[in-house]
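Before any comments, here is the structure.
The values are calculated or read from the model by the stated rules, or taken from the named source; none is laboratory data. Remember, predicted model here, so these are calculated numbers, not experimental data. Reconstructed Cβ throughout: ideal geometry from the backbone, glycine too, with neighbour counts over all protein chains shown. Please note that ligands, DNA and RNA were not included when accessible areas were found on the heavy atoms of the full protein model with its side chains. Shrake-Rupley method; radii C 1.70, N 1.55, O 1.52, S 1.80 Å.
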Amino acid sequence: MALYLLFESASGYALFHAHGIDEIGQSVDAVRSTVLDLKRFSKAVKLAGFTPFLSAVDALNQCNAISEGIMTDELRNFLELNLPKVKEGKKAKFTVGVMEPKVGSHITEATGIPCQSNDYVQELLRAVRLHFDQFIEQLKPSDLEKAQLGLGHSYSRAKVKFNVNRVDNMVIQAIFLLDTLDKDVNSFSMRVREWYGWHFPELVKIVNDNYLYAKLAKFVVNKSDLSEKDIPALADLIGDEDKAKEIVEAAKASMGQDLSPVDLINVQQFAQRVMNLSEYRKNLYEYLVTKMNDIAPNLTSLIGEMVGARLISHAGSLSNLAKCPASTLQILGAEKALFRALKTRGNTPKYGLIFHSSFIGRASTKNKGRMARYLANKCSIASRIDCYSDMSSSIFGEKLREQVEERLDFYDKGVAPRKNLDVMKAAIDGLTNTEDDDGKENGDASVKKSKKKSKAEANGDAMDVENAATEAETGTEKKKKKKHKLEEPQDVEMQANGDDETPKKKKKKNRDAESVDPKTGTEGKSKKKKKKSKADDDE
């Protein structure tokens, strides 16, 4: 059976006929030892056809299609033109060797051409790539290198652009930075407490918050300088006058040692750095909240910004999270415990990162596993809606949150929750109502503008219209009076001749009915004939 090799280069598609397989060798090791020799390889493999790409854009499109395992129309026409034709009802006496198995399966499904992709074929294609510039006479090695470089840059640029459009990368980096900032701020604040505690040890027991402690360390600096004049300023910093008085009294009877001015300056600078870090952490958290509401509004409204961002970062991206089944999403973050349980044949974990959600904390101990399974199910639905829907709205997430709340009430109080179908219908109705409201608002704005323009034009002719209206009303009143006078004697005559005219009217009505509905009369006659025929048959 003949073997053809399909090679996708940066300059175009090439088809090679491997007719001297015996000279190369049947095993992979034999191919590896013989492909380096160009004379021997060129005797066994010959060029059957080559079609160049029309432009760099065409080359990029073909490269993207090959990477996704899709056969383009250009590739199909090239194969049908250069491969031997197969008669109908008969099997092909050749096979096509392909580097990518997905492309080969798509070619066989679309055209019926048999394809194969194994180690032997891949070694032959590697040899073709090595000696490709020698098979095509008009193609120079420098031209091939330029084409490969340009295609590589454009392909990688397209992939990077695709990743930039997926802004979940920013969420992943932000949540990682938040975690590291929490650790750093905690360690630095402990260092401030320990450092300044040598000078003012009583302040640690009075103020528990790290950020407030750093503020006070920067404000007080030297405890001996504190007096009752500083109580209002301390109260503004802390927000409590009693604590401010307590700090002043503790500074008077403090057991701490005195520090030199240089040491106090260093402590003050370090406290300022800790304050800056904590303020930056707050700003970063606000940025993460806004990003999560833009990227995954339904997941955010269901489970919160922090837990949703941790799920996305652990999965790698929002699309990866959407592809995960609910059972995988349930134990995301507990991989070590899962594999340990599988190894020791123990109980597998019930929850991973989802445990940080407030729903599982509110559930009872016996219902935590059930709640984690139900919440993972709803999170997978919300992530898929966020990933694949065009509309960015949090209506579905809010409805899913209501379902989780109802499930909690069902476990605690036994209240039956709503059906999933009813909840989804309500969410869809809410989404359509919001779209209609947006359309109405835009329409009302345009109507208001047109009304303002029409009012300015109408004010000039208002007086003329009022005069014309008054004249028309007086004319219509005179006409009505004349009509009433003429109608009164006619009514008297109609009452006198009423008895004579009634039969005439009935006749006219019958004639009108006959003229309007001729079909009804014919139908009545046909019905009478049918009844007569039935009566004759019965006799």
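Structure summary
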{"read-out": "Counted residues, region 256-296 - those being more than 22 Å from Gly308 (Cα to Cα) and in contact with a Ser or Thr (Cβ under 7 Å, 6 or more places away or on another chain)", "value": "1"}
{"read-out": "Leading residue by the ranking (surrounded by the most Cβ atoms within 10 Å (Cβ to Cβ)) among those in region 92-112 that are closer than 12 Å to Gln122 by Cα and without any contact (Cβ under 8 Å) to a residue 40 or more places away in the chain", "value": "Glu100"}
{"read-out": "Candidates Glu241, Glu246 - the one that is open to solvent by 40 Å² or more (accessible area, probe 1.4 Å) and without any contact (Cβ under 8 Å) to a residue 24 or more places away in the chain", "value": "Glu241"}
{"read-out": "Count of region 386-398 residues which are assigned to a helix (DSSP H, G or I) and surrounded by fewer than 24 Cβ atoms within 10 Å (Cβ to Cβ)", "value": "4"}
{"read-out": "Enumeration of residues in region 283-315 that are open to solvent by 20 Å² or more (accessible area, probe 1.4 Å), among the hydrophobic types (A, V, I, L, M, F, W, C) and touching a His at 6+ places or on another chain (Cβ under 8 Å)", "value": "Met306"}
{"read-out": "Residue in region 163-213 that is surrounded by the most Cβ atoms within 10 Å (Cβ to Cβ), counting only those that are polar (S, T, N, Q) and more than 28 Å from the chain's Cα centre (by Cα)", "value": "Ser189"}
{"read-out": "Lone unmet requirement of (1) surrounded by 19 or more Cβ atoms within 10 Å (Cβ to Cβ); (2) modelled with pLDDT of 80 or more for Ser67", "value": "(1)"}
{"read-out": "Identity of the residue in region 399-422, without any contact (Cβ under 8 Å) to a residue 60 or more places away in the chain and either β-branched (Val, Ile, Thr) or under 21 Å from Pro325 (Cβ atoms) (or both), that ends up surrounded by the most Cβ atoms within 10 Å (Cβ to Cβ)", "value": "Gln403"}
{"read-out": "Lone unmet requirement of (1) over 48 Å from the mean Cα position of the chain (by Cα); (2) of a type outside the set (D, E, K, R); (3) on the phi > 0 side of the Ramachandran plot for Gly69", "value": "(1)"}
{"read-out": "Test: residue in region 70-87 that is surrounded by 13 or more Cβ atoms within 10 Å (Cβ to Cβ), of a type outside the set (D, E, K, R) and farther than 23 Å from Ala18 by Cβ", "value": "yes"}
{"read-out": "Top-ranked residue in region 116-149 [being in contact with a helix residue (DSSP H, G or I) (Cβ under 7 Å, 6 or more places away or on another chain), touching a residue at least 60 places away in the same chain (Cβ under 8 Å) and open to solvent by 40 Å² or more (accessible area, probe 1.4 Å); ranked as farthest from Glu100 (Cα to Cα)]", "value": "Gln134"}
{"read-out": "Contacts under 9 angstrom Cβ, first residue in region 334-354 being under 19 Å from Arg370 (Cα atoms), partner of a type in the set (A, V, I, L, M) and open to solvent by 60 Å² or more (accessible area, probe 1.4 Å), 6 or more apart", "value": "Thr348/Leu342"}
{"read-out": "Qualifying positions in region 103-130 - of a type in the set (A, V, I, L, M) and in contact with a Leu (Cβ under 9 Å, 6 or more places away or on another chain)", "value": "Val103, Ile107, Ile113, Val121, Leu124, Leu125, Ala127, Val128, Leu130"}
{"read-out": "Breaking point among (1) free of Cβ contacts under 8 Å to residues at least 60 places away in the same chain; (2) buried (at least 16 other Cβ atoms within 10 Å of the Cβ); (3) within 27 Å of Ser187 (Cα to Cα), for Leu264", "value": "(1)"}
{"read-out": "Qualifying positions in region 93-107 - over 20 Å from Ala14 (Cβ atoms) and among the hydroxyl-bearing types (Ser, Thr, Tyr)", "value": "Ser105"}
{"read-out": "Test: residue in region 356-372 that is open to solvent by less than 30 Å² (accessible area, probe 1.4 Å), out of contact with any helix residue (DSSP H, G or I) (no Cβ under 7 Å at 6 or more places or on another chain) and not hydroxyl-bearing (Ser, Thr, Tyr)", "value": "yes"}
